[in-house]
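Asker: Below is a structure I'd like to ask you about.
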Amino acid sequence: MRKNSYYKFRSVLFLKIVVAITGASGVIYGIRLIEELKKCDIEVHLIMSSTAKKVIEHETSYKSSDVASMADFCYDEDDLFAIVNSGSFKFDACIVIPCTMKTLSAIANGYGDNTITRVCDVALKEKRTLIITPRETPLRCVHLENMLKIAREGATILPAMPGFYHNPETVDDQINFILGKILDLLNIDNNLFTKWKQ
């Protein structure tokens, strides 16, 4: 594994991570996460929903094909035969970023009707790290209830809610705050944002 001064692994080494990008606003979070994971030489398995591909080209300067080329492997959202959908495929973590309320509902209720919801089902049943980054506001009671269901099964709900104690000056600073929080959960040291100091 390549060594650099920017990243340092702590107690857990993640080698294979599934990143799922759904059609919520904020697809830049998913794109930037892939970029940061690749800096760590982590094997990235990417799933993009069909709506995510459209949102990527609407909200960013990227094409969906550009994003697909960043990952080591990319799967169609309707490919239920994809290797990531099998519990025997030993991925280390799955991150849905950003996560639509439709996808959240499907995960919470065990409705694995596509590659994204199925891989999340696998993560939960196999007791692997699952991080959900919902991007919606305001939230209905059913949204909150679905988040609670997933959290009770062991997933982490990490909403796209940037902090301000690190005095962000740009949108990229706010994006990095969320990415830094995710990398912290994966036990990957990073300096994407200034940590709170007493």
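The values are calculated or read from the model by the stated rules, or taken from the named source; none is laboratory data. These figures come from a predicted structure and were not determined experimentally. Backbone-built Cβ (ideal geometry, glycine too); neighbour counts: all protein chains shown.
Asker: Taking region 55-81 as the region of interest, how many residues are farther than 20 Å from ILE175 by Cα, within 18 Å of the chain's Cα centre (by Cα) and either of a type in the set (D, E, K, R) or assigned to a loop (DSSP other than H, G, I, E, B) (or both)?
Answerer: So the answer is 3.
Asker: Here is a further query. How many of the residues in region 156-176 are within 13 Å of LEU192 (Cβ to Cβ) and under 15 Å from the mean Cα position of the chain (by Cα)?
Answerer: Residues flagged as within 13 Å of LEU192 (Cβ to Cβ) and under 15 Å from the mean Cα position of the chain (by Cα) within region 156-176 amount to 2.
Asker: Applying the selection to region 91-111, what residues are surrounded by fewer than 18 Cβ atoms within 10 Å (Cβ to Cβ) and touching a Leu at 6+ places or on another chain (Cβ under 9 Å)? Explain how you work it out, then say what you get.
Answerer: Keep residues of region 91-111 that are surrounded by fewer than 18 Cβ atoms within 10 Å (Cβ to Cβ), which gives 92, 102, 105, 109-111.
Passing the criteria: ASP92, GLY110.
Asker: Return the residues of region 146-173 that are within 24 Å of ARG118 (Cα to Cα) and free of Cβ contacts under 8 Å to residues at least 24 places away in the same chain; say none if nothing qualifies.
Answerer: LEU148, ALA151, ARG152
Asker: Quick check on this structure: which one of GLU136, GLU169 is acidic (Asp, Glu), assigned to a loop (DSSP other than H, G, I, E, B) and surrounded by fewer than 13 Cβ atoms within 10 Å (Cβ to Cβ)?
Answerer: From the options GLU136, GLU169, the qualifying one is GLU169.
Asker: Of the numbered conditions (1) at pLDDT below 95; (2) surrounded by 15 or more Cβ atoms within 10 Å (Cβ to Cβ); (3) farther than 24 Å from PHE177 by Cα, TYR7 satisfies every one except a single condition; which is it?
Answerer: (3)
Asker: Identify, from the list THR156, THR133, THR103, THR60, the residue that is touching a helix residue (DSSP H, G or I) at 6+ places or on another chain (Cβ under 8 Å), among the polar types (S, T, N, Q) and more than 15 Å from THR22 (Cα to Cα).
Answerer: THR156
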